[in-house]
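The values are calculated or read from the model by the stated rules, or taken from the named source; none is laboratory data. Worth saying up front: this structure is predicted, and the values here are computed from it rather than measured. Please note: Cβ atoms are built from the backbone with ideal geometry, for glycine as well, and neighbour counts cover all protein chains shown. All accessible areas refer to the heavy atoms of the entire protein, side chains included, with ligands and DNA or RNA removed. Shrake-Rupley method; radii C 1.70, N 1.55, O 1.52, S 1.80 Å.
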Amino acid sequence: MHHSTVNGSSRLTFWSHVREFAVPASMIESATARRLAGDWSGACATARVDVDFTLRALSRTRGKQCADLVRADLRHLAPDLLRWHFPRIRPEGVLRPGLTVSLARYRPPDGGDEVHLVARTPPAWADAGQRISLALWERSGALSRAGGHPHPRPDRRFRLDLHRHLWDARRASELRERCGATQWPGRSDGRATHRWAAEAALLLREEGQTDSSVVVRLGARQRVLLDLDAPGVTSTVPRNNTLPVLPDAATWVPPDLELWHAGAIDADRLHPLVRSALLPEHRSADAPQSPDSTGSSRLVDCRGALHRIGVVDGVLVPLDHGPDEIRREELLAALGGQSLPCMHAIDTTRRHPEDLVDIRARLDHGDVAAALAVVEGLLGPDALLLNGALRDELETAARRKVLHGLYRAELHDLRPLPSTKDPRRLSTRARRLLAELRLR
């Protein structure tokens, strides 16, 4: 995430929203269980991370030693932790699209091109599901195709090969030291200036640079020059310079540290590996109830009396009106009359529920299962979705899922798809996805 676009309390609000919806606890629990069981591919699948290469092919093209190094890293990759720390953008806090981030570099003993293990996000038009893909990259481009990715080369600014503690479970405990948590002055601008010199030294050493200067990017048009041989920074950066760029992960204070110090997040909401690094003395409380759980019924002021509406046999219905009265009221409403408040409340919930903001946030972050769980908790699993904002959101999610499928299949020329508002113009795949989302 580019922190300089968010200032003060606005930044904290942004990251609090991200931490609530972007990496659900169920994903963390499932991915962790599979990783600890040695099932790294299952952990990736659970965390919605696609693997676009095979170790067997890597061993054949680059040798067993290289394949063994990559395999060792994959076994300790925490894909949910990678998703937790991956760069994000405003306003919804979704993954930064069209990005290639280097996770690790492997230098062959024969002096050939080094191999990068990279994490990629699809372009914005195909970001449904908020999926990340793992691939291998080398300068020659011989290892794997980029599949139409707009920026297949590892980004100089967003790189995690120097910050393995942000994705490697073996190194996660280094977060406290690497972010300088004990020395952080608590400023609200988000800049980790207290760590710049140490991180710049690591960068220069890794790049084999004899120069003592690095560029620090603070915004789209704001860059400063940090010279380790001179105190302070200067705003004058040479044009067309080839100096190393301080990674974004080293430029800014981790948002979790800011959220915790500001009291904007409870420790038990932090990723377990982040919590154990930043707050080693903390003991987790009992797991909170799922936010998706709903009560068995809701109260409605129905013509001066409190009535209940609730899910019965898979459908949201009024509980204090008999079948004959309900049929009469439905007929009256169909003829243009005013329906009972209970019936009106059910109709409103089907079209534009109060929980629509949370449902939309879950869909934005690719958590369709949780979004549908909220919908089913409100309306029942067998309810019909009427025209309205709720149906529009789910139809949009289905349409974007089709676009992501086209991107993965490298069928970019088939986009954009026609609107889902006319079912006759939908492809067979789109209709199947709409059926998955229980749209009728």
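Residue-wise, which Karplus ³J(HN,Hα) couplings in Hz belong to segment 92-108, taking 6.51 cos²θ - 1.76 cosθ + 1.60, θ = phi - 60°, and x for glycine or proline?
Each residue of segment 92-108 in turn: 7, x, 6, 4, 4, x, x, 10, 10, 10, 6, 9, 7, 10, 10, 8, x Hz.
Select from Asp189, Asp68, Asp229 the residue whose mean-square fluctuation is largest in a Gaussian network model of the chain (Cα-Cα springs shorter than 10 Å).
Asp229
In the Gaussian network model of the chain, springs joining C-alpha atoms below 10 Å, which of Cys44, Cys179, Cys342 carries the largest mean-square fluctuation?
Cys342
Given a 10 angstrom Cα cut-off, can you work out which residue in Ala409, Ala383, Ala250 is the most mobile in a GNM of the chain?
Ala409
I'd like the carbon and sulfur percentage of the solvent accessible area for segment 299-409, probe radius 1.4 Å, heavy atoms only, ligands and nucleic acids excluded.
Working: 2900 of 5510 Å².
Looking at segment 299-409 in its full context, I get 53 percent from C and S.
Can you pull the one-decimal nm distance between simple spin-label points at Ala72 and Gln183, each 7 Å off the Cα toward Cβ?
3.0
Quick check for me: using +1 on Lys/Arg Cβ and -1 on Asp/Glu Cβ, what's the dipole size of the chain about its Cα centre, in debye to the nearest 20?
In total the dipole reaches around 1360 debye.
Jot down the per residue volume, in cubic angstrom and as a whole number, of the convex hull over the alpha-carbon atoms of segment 299-409.
111
Could you derive backbone 3J(HN,Hα) for segment 24-33 from the dihedral phi with the Karplus parameters 6.51, -1.76 and 1.60 (θ = phi - 60°), listing whole Hz in sequence and x where the residue is Gly or Pro?
For segment 24-33, the Karplus curve yields x, 4, 4, 5, 4, 5, 5, 5, 5, 4 Hz.
How big is the equivalent ellipsoid of the chain along its three axes, where each semi-axis is √(5λ) from the Cα gyration tensor, reported in whole Å from largest to smallest?
On the way: eigenvalues 424, 137, 82 Å².
Values for the chain, descending: 46, 26, 20 Å.
Excluding Val224 itself, calculate the net charge of residues whose Cβ lies under 11 Å from the Cβ of Val224, where each Lys or Arg counts +1 and each Asp or Glu counts -1. Could you put the intermediate results ahead of the total?
Working: positive: Arg191, Arg217, Arg223; negative: Asp227.
Charge balance near Val224 sits at +2.
Could you point to the residue in His307, Phe14, Thr46 farthest towards the positive end of the chain's charge dipole, with +1 and -1 charges on the Cβ of Lys/Arg and Asp/Glu respectively?
Of the options given, the answer is Thr46.
With θ set to phi - 60°, apply the Karplus curve 6.51 cos²θ - 1.76 cosθ + 1.60 along segment 212-224 and write out the HN-Hα couplings as whole Hz, x wherever there is a Gly or Pro.
Rounded to whole hertz, the list is 9, 10, 9, 9, 10, 8, 10, x, 4, 10, 10, 9, 10.
At 1.4 Å probe radius, can you tell me the per residue accessible area of the chain in Å²? Display every interim value, and only then the final one.
Values: 22050 Å² over 440 residues.
Spelled out: the 1.4 Å probe surface of the chain, per residue, equals 50 Å².
Between 0 and 90 degrees, rounded to the nearest ten: what's the tilt of helix 389-408 against the longest Cα principal axis of the chain?
40
Quick one: which residues, 5 or more positions from Arg223 or on another chain, have an amide H under 5 Å from its amide H? H modelled 1.01 Å from N in the peptide plane, none for Pro or chain starts.
Answer set, sorted by chain and number: Leu218.
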